[in-house]
1. Given axes a ≥ b ≥ c from the Cα gyration tensor, I'd like to know whether the range 138-272 is rounded (a/c under 1.5), prolate (a/b larger than b/c) or oblate.
2. Got a sec to turn the phi values of the range 101-118 into Karplus ³J(HN,Hα) couplings, 6.51 cos²θ - 1.76 cosθ + 1.60 with θ = phi - 60°, whole Hz, x for Gly and Pro?
3. Amide H to amide H under 5 Å from ILE198: which residues, 5+ apart in sequence or cross-chain, H placed 1.01 Å off N in plane?
4. For LYS194, which lysines qualify as cross-link partners when the Cα separation must be under 29 Å and same-chain residues fewer than eight apart are set aside?
5. Starting from the 7 Å offset along Cα-to-Cβ, what nm value, one decimal, do you get for the label separation of CYS247 and SER265?
6. For a quick size check, give me the Cα extents of the range 39-164 along its three principal axes, largest first, whole Å.
7. Residue by residue through the range 132-140, which ³J(HN,Hα) values in whole Hz follow from phi under the Karplus form 6.51 cos²θ - 1.76 cosθ + 1.60 (θ = phi - 60°), with glycine and proline marked x?
8. Could you give each residue of the range 126-131 its phi-based ³J(HN,Hα) in whole Hz, using Karplus coefficients 6.51, -1.76, 1.60 with θ = phi - 60°, and x for Gly or Pro?
Amino acid sequence: MSDLPNTGSMKSRSNVFRSRAISTVVLWALIAFAVYFDRPIIFSSIIILIGSLGIFEFFGLLGLRRTPAFQSLRFSTLFLGFLYLSLIACSLSGGCNGGIIYIDSGFIALAVIVPTVLLLFHPIDGANTKDLFFGSVFGFIYVPVLISFLIRILYINYDVSAGGGRGEYYIIFLLVVTKFSDMGAYLIGTLIGKNKMIPHISPGKTWEGFIFGCLTFAVGGGCLMFYLFKDEMPLLEWRAVVILSFCLAVIAALGDLAESILKRSLAVKDSGNILPGIGGVLDLLDSVLFTAPVLFIYLTLLS
């Protein structure tokens, strides 16, 4: 009888891993589609769509649906996020003349001003109104602003006259390193993990998974990606790939833990259920939201 719980647990983990694998294959197929047609607009459209779904999902996490201003702030922040990401992509692709610094500062200001104006027309619901207000401002920065760095990477060194760009390979490098680190931590942690990493935040994470899975898988994935597409990533070289992959793995773990703090404080397991085995869009994005700015800053310094 004592073996039954362990067997059930292994089957459950196996099912989760299978669902994760299927969702991952579908997502990578979508990325391959965008790369095959070599049109940055396709890639940027996918990023804008995912970012918009992320902010919509974030508001669902807050548990404030009954607060009078909830729907108004949710859809206004969603609209601001969509417009912000669209203007970032338009500006970087040469489609409009708005400076990035003005877009960034202007929309961060709007993310504070618009909720304030909307709250003037709704009853105050005690602490819930406060949580909704600060949640909308944080949500805008956490999702649209951070995911915008993927668009910035996409158009790095973009030559409008050439009609195309190679920034998508840097994004794929980022995704491989980030997701390999997550996959490695999960696999190794499941197999041999014993020493809990930060149990009060994420009980499932172990030091074994982080050291032997997260770090090694990330470096291995980064090196493999660079070996296959070295000519498409001229801003990188072998030593930088190893160091950068290691650093991105650490940042990815922090991004994962950041969402764990959010979910644990809100007493939810997943941010959504749109992706079988993974959860919601934010469960997919958590690490990338932290690693994208780091890679962009690194590439900007080199370029």
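1. Judged from the Cα gyration tensor, the range 138-272 comes out oblate (a/c at least 1.5, b/c at or above a/b).
2. With coefficients 6.51, -1.76 and 1.60, one gets 5, 6, 5, 4, 5, x, 6, 5, 5, 5, 5, 9, 5, 4, x, 4, 5, 5 Hz.
3. LYS205
4. Within reach: LYS11, LYS179, LYS205, LYS263, LYS269.
5. The two pseudo-label positions are separated by 2.8 nm.
6. The Cα atoms of the range 39-164 stretch 55, 24, 16 Å along the principal axes, largest first.
7. Once θ is set to phi - 60°, the couplings for the range 132-140 become 5, 5, 5, x, 5, 5, 5, x, 5 Hz.
8. x, 5, 5, 5, 4, 4
Every number in this text was worked out from the coordinates using simple rules, so none of it is lab data. In this text, all values refer to a predicted model and were calculated from it rather than measured experimentally. For neighbour counting, all protein chains shown are included, and Cβ atoms are generated from backbone atoms with ideal geometry for every residue, glycine included.
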